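Novice: Sharing a structure here in structure tokens format.
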Amino acid sequence: MIVTRNLLWLALGLAILIALPLVVKSSFAVDIFIRILLFSFIGVAWNLMGGYAKQLSLGHAAYFGLGAYTSTILQIDFGVSPWIGMVAGGVVAMLASLPIGWLCFRLRGPYFTIATIATAQALMLIFLKFRDFAWGAEGTTIPNLGSAPLMMQFEGKAAYYYVVLGLLVSGLTITWLIERSWMGYYLVAIGEDEDAAEAIGVNAPRIKRDIYMISSFLTALAGTFYTQYIYFIDPATAFSFNISIEAALVSIVGGIGTLWGPVIGTVLLETTSALLQSWLGGSVGGIQLTVYSLILMAIILWRPTGLIGVATEAYRRFASRRPARA
Amino acid sequence: MWETLAQAVINGLLIGGIYALVSIGVTLIFGVVKIVNFAQGEFVMIGMYISFFLSSQFGVDPIVSLVVSMPVLFVAGVLIQHFLIRRVLGPNDMPQIFLTFALSLLLLNLALMLFTANYRTVHTSYSDEAFHLGGLYIPVAKLIAFVVAMGLSGALWIFLHTTDLGKAMRAASQNRDVAMLMGINPNRVFCVALGVALALAGAAGSLLMPFYSAYPFVGQVFTLMAFVAVVLGGLGNVMGALVASLMMGVAESLGIQFVGADSGLIVVFAMLLLTLAFRPTGLGGGKAR
């Protein structure tokens, strides 16, 4: 019963999301929807490792950037379609996560977090420094081919919206599948207490390595999409620390280690940011992250389970007030 | 060649003294309170702005303004421990990491809103002065900063080893549970640790002001440097952090001299990654968590 009802709700939600760009024609609004879907997807990718296994990375920009650069280099230097480049970027990110993980997983807790920041920053410096290889600090624009769906270039924003909606749906499906598999339980066990998990026979290093690979792969797909969407790439945007921050932030605000947490967190944060921008006209630098950090602090101090936790609590209180069904 | 090398080493040691003030703070907080303060660099930034405004409004020398920036940040540290950090101390890493991280984001972006992204500098009578020793060149402002930084580190060492409160802090850092059983009040010790650490960061900011520009993002470099130094020096080890900071100053300066102007940070990251690969418990051995 409950399963079919949930499925119905899901189908309804998906139908609304598919219909949305057909109804809303404002390109400003569609741009905000795309940002929400994109950062939800990045948050979902982060959440697999950061949320379920509590490996709190602040270096996911490394994989976002690797994905973006791989597909762009393949497209500009070799004429390969970004659709293929996207998967190639994912594979590059996945391979890069092996040595990076080997280094970073030697540390636990906050020092793991620091090591991930350092690796992402180091990658950005490498791309800034090697001009011949990847255009250096100036970056490059993606040649505009007009309407070329095979090269991931579309007229109008609606098509981009469907691409990133597809990414988010697949990210959520992967999370849902992992959550229900033995791997999901292992991840949660590692997140609760790594030593205890190892003591009962969980191969923590292997599980952490595998989930880091999956998480990096997905983050890289977002990198390719973003570059194709804004037609521009440079080390400062591709490896931006803000990407790493936002990936973690949306998951924590929404509900860390939950399927829908990153989506709910992104809807709140991006809507807030859009409202602030239309209200202040983007004239005051720093206001967006000031507000984000206040929200983050409030969540950590008062509701560490995130908005999902708040909603479940409210629902329980509401449900317990109703007389029990006969 | 030897002169260039010696000059690079001197430059590195002088700036390394400032890094030391920041990393000693980070390692002190980590040792005593067992949290990592992601916002440490932002307190350096605040120290710099305090000195900048005292200098531009009242003509106070940036180094003299230590007597304002240190107490202000000490109080800030006590308040932050008492009202924020105390609430997230527990077995769970997530709130601890992201609370100080949120604090760092908040301070940085508030500074961006209030002071804009402009670079602020203070020009003192000794900003351009330098000693010439043989063929070597020692800028006065950096020398003063280094000497004061070492003096403050020495004072901290004496405080930790001779006073009751200092001994209580070291006890709490060695074994928190036993220290509590011996009647040490944890929150009081933690408040002092945060206060001292932030005061050191504030001092670093004031000392930097005669030869460095203040801008909202200035703290990030110092936070990163401090993290690397704290890993290199062994987590929670004050002397280790001091030595590692000086080493990193030198490494950065050699990188700038012999690899290229913008490769200082690359050298630092390389040091961090190599340490993680070969000596994850720090150069001195010691115990990583």
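Since every read-out is calculated from the coordinates, none of them should be taken as a lab result. Not measured: the values here are computed from a predicted model. FYI the Cβ positions are ideal-geometry reconstructions off the backbone, even for glycines, and counts take in every protein chain you see.
Novice: On the Cα set of region B:115-187, report Rg and Dmax in Å, please.
Specialist: Considering region B:115-187 through its Cα atoms, Rg and Dmax are 20.7, 58 Å.
Novice: Given points 7 Å out from each Cα along the Cα-Cβ axis, report the A:ARG106 to A:ASN6 separation in nanometres with one decimal.
Specialist: 4.2 nm
Novice: I've got another one for you. Roughly how many Å is it from the Cα centre of region A:182-235 to that of region A:30-55, as a whole number?
Specialist: Cα centres, region A:182-235 to region A:30-55: 12 Å.
Novice: Please name whichever of B:VAL122, A:ALA314, A:THR290 sits farthest to the positive end of the charge dipole of the protein assembly as shown, dipole taken about the Cα centre and charges placed at Cβ: Lys and Arg +1, Asp and Glu -1.
Specialist: Most positive-ward Cα: A:ALA314.
Novice: Now, a different point. Provide Rg over Rh for region B:162-227; use the alpha carbon set for both Rg and the Kirkwood Rh (inverse mean inverse pair distance).
Specialist: 1.14
Novice: Something else: Determine, at each q value in 0.15, 0.24 (inverse angstroms), the log₁₀ of I(q)/I(0) that the Debye formula gives when each Cα of region A:215-281 is one equal point scatterer.
Specialist: Values returned for q = 0.15, 0.24 Å⁻¹ are -0.60, -1.15.
Novice: Efficiency by 1/(1 + (r/R0)^6): what FRET value for A:LEU177 and B:MET1, r their Cβ-Cβ distance, R0 = 56 Å, to the nearest 0.05? Present the calculation step by step, with values, prior to reporting the outcome.
Specialist: Values: r = 62 Å, r/R0 = 1.10.
The computed FRET efficiency comes out at 0.35.
Novice: Per residue, how big is the convex hull of region B:91-234 when only Cα atoms are used? Give it in Å³.
Specialist: Numbers: hull volume 23.0 nm³, N = 144.
It is 159 Å³ per residue.
Novice: Something else: Could you give the angle, 0 to 90 degrees to the nearest 10, between helix B:93-115's Cα long axis and the longest principal axis of the Cα atoms of chain B?
Specialist: 40 degrees
Novice: For chain A, set up a Gaussian network in which alpha carbons nearer than 10 Å are linked by springs, and say which option among A:ALA68, A:ALA45, A:ALA314 fluctuates the most.
Specialist: Greatest mean-square fluctuation among the candidates belongs to A:ALA314.
Novice: For chain A, what does -39500 (n - 2.57) per DSSP helix run (n ≥ 4), summed and divided by total residues, give at 222 nm, in deg cm²/dmol to the nearest 500?
Specialist: -25000 deg cm²/dmol
Novice: Can you give the FRET efficiency to the nearest 0.05 for A:ALA15 and A:PHE78, using r as the Cβ-Cβ distance and R₀ = 51 Å? Don't jump to the answer; show the numbers that get you there.
Specialist: Working: r = 39 Å, r/R0 = 0.77.
Step by step, r from the Cβ atoms, then E = 0.80.
Novice: Connecting C-alpha atoms closer than 10 Å in a GNM of chain A, tell me which of A:VAL202, A:VAL24, A:VAL91 has the biggest fluctuation.
Specialist: The residue that fluctuates most here is A:VAL24.
Novice: If I fit a long axis through the Cα atoms of helix B:164-174 and take the longest principal axis of the Cα atoms of chain B, what angle between them do I get, 0 to 90°, rounded to 10?
Specialist: 80 degrees
Novice: Need one number: the % of Cα-Cα pairs in the protein assembly as shown sitting beyond the 48 Å mark. Each step should come with its number before you reach the end.
Specialist: Numbers: 28469 of 188805 pairs.
Cα-Cα pairs of the protein assembly as shown separated by over 48 Å account for 15 percent.
Novice: Per-residue mean of other chain beta-carbon atoms within 10 angstrom of the beta-carbon, peptide B:103-109? Write out the running numbers ahead of the final one.
Specialist: Details: counts 3, 1, 11, 9, 2, 4, 11.
So the per-residue partner count for this stretch is 6.
Novice: Moving on. Provide the FRET efficiency to the nearest 0.05 for the A:ALA137-B:PHE83 pair, computing r from the beta carbons and using R0 = 41 Å. Each step should come with its number before you reach the end.
Specialist: Numbers: r = 42 Å, r/R0 = 1.02.
According to the calculation, E is roughly 0.45.
Novice: Check the straight Cα-Cα distances from A:LYS25 and name the lysines below 19 Å, setting aside those fewer than 8 residues away within the same chain.
Specialist: In chain and number order, the partners are A:LYS157.
Novice: Dimensions of chain A along principal axes (Cα, Å, largest first)?
Specialist: 69, 52, 40
Novice: Another one. Hey, how much of the P(r) for region B:2-278 falls beyond 35 Å, as a percent of Cα pairs?
Specialist: Distances greater than 35 Å cover 14 percent of the Cα pairs.
Novice: Let me ask something else. If you line up the long axis of helix B:66-83 against the longest principal axis of chain B, both from Cα atoms, how many degrees apart are they, to the nearest 10?
Specialist: 30 degrees
Novice: What residue among B:ALA241, B:ALA117, B:ALA204 has the largest mean-square fluctuation in a Gaussian network model of chain B, using Cα springs under 10 Å?
Specialist: So, out of B:ALA241, B:ALA117, B:ALA204, the one fluctuating most is B:ALA117.
Novice: Oh, and also: May I ask you to list the lysines whose Cα is less than 22 Å away from that of B:LYS34, ignoring any residue fewer than eight positions away on the same chain?
Specialist: Candidates past the 8-residue exclusion: A:LYS54, B:LYS167, B:LYS287.
Novice: Modelled label-to-label distance, A:SER278 and B:VAL67, 7 Å Cα→beta-carbon offset: nm?
Specialist: So the label points at A:SER278 and B:VAL67 sit 5.5 nm apart.
Novice: Just from its helices, what would the mean residue ellipticity at 222 nm be for chain B, if runs of 4 or more DSSP H residues each count -39500 (n - 2.57) and the sum is divided by every residue, rounded to the nearest 500 deg cm²/dmol? The partial results should precede the final answer.
Specialist: Working: 11 runs with 207 residues, N = 289.
Estimated from H runs of four or more residues: -24500 deg cm²/dmol.
Novice: Grab every C-alpha pair in region B:221-277, bin the distances at 5 angstrom width from 0 up to the longest one, and report whole percents.
Specialist: In order of increasing distance, the bins hold 4, 23, 31, 25, 12, 4, 1 percent.
Novice: Let me confirm one metric for peptide B:265-271, namely the mean number of other chain beta-carbon atoms within 10 Å of its residues' beta-carbons. Walk me through the intermediate numbers first.
Specialist: Values: counts 5, 6, 0, 3, 7, 1, 0.
Per residue, the number of nearby Cβ atoms from other chains is 3 on average.
Novice: I would also like to ask the following. If amide H atoms are built 1.01 Å from N in the plane of the peptide, which residues on other chains or at least 5 residues away come under 5 Å of the amide H of A:PHE232?
Specialist: Under 5 Å from the amide H of A:PHE232 lie the amide H atoms of A:ILE142, each far enough along the sequence or on another chain.
Novice: Any chance you could check the Cα centroid distance between region A:293-311 and region B:144-192 for me, in angstrom?
Specialist: Region A:293-311 and region B:144-192 have Cα centres spaced 33 Å from each other.
Novice: Quantify how strongly other chains surround peptide A:290-299 by giving the mean number of their Cβ atoms within 10 Å of each of its Cβ atoms. Can you show the working numbers first?
Specialist: Working: counts 9, 2, 4, 11, 5, 1, 7, 8, 1, 3.
Across the residues of A:290-299, the mean count of other-chain Cβ atoms within 10 Å is 5.
Novice: Here is a further query. Peptides B:39-46, B:99-106, A:106-113: what's the order by average Cβ count within 10 Å, highest mean first? Each step should come with its number before you reach the end.
Specialist: Numbers: B:39-46: 28.1, B:99-106: 23.6, A:106-113: 20.4.
In decreasing order of mean packing, B:39-46, B:99-106, A:106-113 become B:39-46, B:99-106, A:106-113.
Novice: What distance in nm separates the two pseudo spin-label positions at A:SER147 and B:VAL259, each 7 Å out from Cα along the beta-carbon direction?
Specialist: Modelled inter-label distance: 5.0 nm.
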